[in-house]
Amino acid sequence: MKQVVQNYKSGELAVLDVPVPGCKPGGVLVRSAYSLISTGTELMKVSEAGMSMLGKARSRPDQVAKVMQSVATNGVPATYRKVMGKLDSYTPLGYSLCGVVEQVGAGIDDVAVGDLVACAGNEHALHAELNWVPKNLYARVPEGLAPQHAAFGTVGSIALQGVRQGESQLGEVALVIGLGLIGQLVVQLLTASGVRVVGADPDPVRCELAERLGAVTCGDPASAAVATAVAELTGGHGVDQVYLAAGGGSNEPVEVAARLCRDRGRVVDIGKCRLDLPWNAYYEKELDVRFSRSYGPGRYDPGYELEGRDYPIGYVRWTERRNLACFLDLLARGSVDVEPLVSHIADFDDAVETYQRLKDGDLKAVAVLFRYPDHKGEAEAPAVAVPAVKRSGGGASTPARAARTPVRLAFVGAGNYATSMLLPHLAQRDGVQLSTVVTTTALSAANAQRKFGFAEATTDLDAVLGDPSIDAVFVVTRHSSHAELTRRALLAGKAVFVEKPLALDQDELAGVLAAVEESGNDRIQVGFNRRFAPLLREARQRFGARTGPANLRYLVNAGRLDHGSWYLRQDTEGSRFAGEGGHFIDTASWLLEADPVSVYALSTSGDEDLQVVLRYPDGSTATISYVTTGAPGFPKETLDLIADGKVLRLDDFVRASVYFESTADRKRWVSSRLPKARDKGQSAELAAFVKAVRTGGPMPVPLESLVATTAATLAVRAGLAGGAPVTLASAR
């Protein structure tokens, strides 16, 4: 089998062929599926190994003291040989993994061959294809929990033990200093416990991630922002606990802890940072300084770890193994989310290169996983089904009612997008009557009625759906409610215009289509407006028909969201791409005149910056780069379509160009003038929808296309989780 090792003397990293460990009594042999790189502890060891002998000595004064003691006892020559022999040996790396039980040793009756388990220990959960793991260092993975997420079990237990040492209580305020891997997990665990959390880290990207995962606010510990936030949250008293999850040689973390902790508060050291306690500051507040020893009670006890002797639960509630099982349960129930922490998944064969990239700073990551060769097939994301559109009686699309004028519209939701991008185009349109606006708060409904001339304003959705005079319902609410509101409106016999996304998961999409089948009402339009943009439509016409496959590149410079935006509530509203990505997939599919057949997604910054590659039936591909870390002054959307010696270029809906092959009868076309404002197609889209409702003609976009785009958008998440292309399997 193969295993990652390091020579501490030379710093050499290697993937060696080593013998398979035997399956001894009291443990199990586990074949690794995923193992997690500790970007703190392991990189520290890798960096130390690359130092000179003097550098190694300076970084480990504790080991130097042992050497000096050995010199005094055994003399210089013997000590030198002993030290050099130890240094010039391969040592293992790794301590957190998930794998499948391959053999069960004598005395083990709680797992069986084939069970998925999470494993811990720097001698038993190594970066290796096979590991022997004693009983108290593994825990069964709950059903439904992905193996790549279960691989976080050990580091999650470290964070969990630190939180337990802080003895946090509901309603308290905590400060987490250091927002690396452990710090991010501590933030989530505290938040799940009802504790309000402030984070401190000099890296703004890590601060933003921690805020997305539950922290109230985060900032540089050297800035006044953190102190101000603590003062506001605690009434000037200071936080109840400080968790030190930082590393390095700076004494700043313990000084910040003393300054921002309340009188008789608790300071818990989880990481390995400098601890020169400022005596006056800690004495005057009588601060309680605690250490968190790794995964919990049982750590470093050979009787517990190697011989399997458990501690009675009545005396030791949370042992090493119980912490591991508890963290896995929190993951399975969604109380903790590690997916946003996964910056990179590398093949195990590329381990040396991955460590080198991390060490050199080429790969900036919170968490990196190794995926093992025998698990690649299992790791591939399953095919995502594109549901068939079934109508009652099996017939084609039919109008919801006889045509009439004016078309009476109801709006469900009157937020910023509805009032700025939709209603201004409808308020003065001939043949349209704004009948009713429905919102959850009476005042927002009254405001929309006053601004746009709705005949009625209400908070009663049922009254609107039961009103036979209303022809169409606009669903312009938060993402989590789109599918259910669309389903209800279809069953009520209304035409529906729903802002993207149509659904946030497969079950929601299936619910909408079930309503179509039950009612026979397929009158749906999703707010994919870009295909209606006049500039893009003219450019497509100038480009002309294709004869061969095309390459499409779409850069979306999405930018960062304001703190507090509901778009950041991924647990309820889905990811940013789930909410917005359908725009760009629909545009690509419209330009390529087909629905995608596969999706491959990669993440370069948590799940915020994405590369999404779509493949189409004729071999065409579309690459969507969705980034949040670009410069604000750069255009938001740029698109290039290349095929048959032609190039279509769209610059942020301000200018478009088409380049042809250099022949006498073809010249480059450039949009003749800059439009007065960016027209992304909302007006034309609304006109097409109103016309379809009024005349009973076909909807602007076939429902089959809307479903295919939604399925492709949902497949992005599956692709990120599985690290492999996802096939879009048509159920038609």
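The values are calculated or read from the model by the stated rules, or taken from the named source; none is laboratory data. Keep in mind the model is a prediction, meaning the values are calculated, not measured. Every residue, glycine among them, receives a Cβ derived from its backbone with ideal geometry; neighbour counts consider all protein chains shown. What goes into the accessible areas is simple: the full protein's heavy atoms, side chains included, and nothing from ligands, DNA or RNA. Shrake-Rupley method; radii C 1.70, N 1.55, O 1.52, S 1.80 Å.
Scanning the range 506-560 for residues that are open to solvent by less than 50 Å² (accessible area, probe 1.4 Å) and under 21 Å from Asp618 (Cα atoms), we see that the one that is farthest from the chain's Cα centre (by Cα) is Gly544.
Given the structure, is Ala225 part of a loop (DSSP other than H, G, I, E, B) and either open to solvent by 10 Å² or more (accessible area, probe 1.4 Å) or without any contact (Cβ under 8 Å) to a residue 12 or more places away in the chain (or both)? For Ala225, the condition - part of a loop (DSSP other than H, G, I, E, B) and either open to solvent by 10 Å² or more (accessible area, probe 1.4 Å) or without any contact (Cβ under 8 Å) to a residue 12 or more places away in the chain (or both) - is not met.
Screening Ala692 with (1) assigned to a loop (DSSP other than H, G, I, E, B); (2) at pLDDT 90 or above; (3) of a type in the set (A, V, I, L, M, F, W, C) gives one miss only, at (1). Scanning the range 711-728 for residues that are open to solvent by less than 10 Å² (accessible area, probe 1.4 Å) and either in contact with a Leu (Cβ under 7 Å, 6 or more places away or on another chain) or in a helix (DSSP H, G or I) (or both), we see that the one that is modelled with the lowest pLDDT is Gly722.
When the range 653-689 is filtered for residues that are part of a loop (DSSP other than H, G, I, E, B), open to solvent by less than 50 Å² (accessible area, probe 1.4 Å) and either of a type in the set (A, V, I, L, M, F, W, C) or at pLDDT 75 or above (or both), the ones remaining, listed by number, are Phe653, Val654, Lys680, Gly681.
Residues are listed down the side, and each one gets a yes or a no for (1) β-branched (Val, Ile, Thr); (2) within 33 Å of the chain's Cα centre (by Cα); (3) exposed (fewer than 14 other Cβ atoms within 10 Å of the Cβ); (4) within 30 Å of Thr604 (Cα to Cα):
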{"position": "Ser250", "(1), (2), (3), (4)": "no, yes, yes, yes"}
{"position": "Arg264", "(1), (2), (3), (4)": "no, no, yes, no"}
{"position": "Glu305", "(1), (2), (3), (4)": "no, no, no, no"}
{"position": "Tyr315", "(1), (2), (3), (4)": "no, no, yes, no"}
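Pro549 satisfies every condition listed in (1) in a loop (DSSP other than H, G, I, E, B); (2) in contact with a strand residue (DSSP E or B) (Cβ under 6 Å, 6 or more places away or on another chain) except (2). For beta carbons closer than 7 Å, sequence separation of 6+ or different chains, a first residue in the range 403-429 that is modelled with pLDDT of 85 or more and a second that is part of a loop (DSSP other than H, G, I, E, B) and surrounded by fewer than 17 Cβ atoms within 10 Å (Cβ to Cβ), the qualifying pairs are Pro406/Gly431; Val407/Gly431; Arg408/Ser469; Ala427/Gly453.
Residue-level analysis places Leu260 among those that are of a type in the set (A, V, I, L, M, F, W, C), open to solvent by less than 40 Å² (accessible area, probe 1.4 Å), in contact with a Leu (Cβ under 6 Å, 6 or more places away or on another chain) and farther than 30 Å from Val133 by Cα. Considering every residue within the range 453-474, establish whether at least one is crowded, with 22+ Cβ neighbours inside 10 Å, in contact with a Ser or Thr (Cβ under 9 Å, 6 or more places away or on another chain) and farther than 22 Å from Arg523 by Cβ. No: the range 453-474 contains no residue that is crowded, with 22+ Cβ neighbours inside 10 Å, in contact with a Ser or Thr (Cβ under 9 Å, 6 or more places away or on another chain) and farther than 22 Å from Arg523 by Cβ. Residues in the range 199-215 that are without any contact (Cβ under 8 Å) to a residue 60 or more places away in the chain and crowded, with 20+ Cβ neighbours inside 10 Å: 7 in all.
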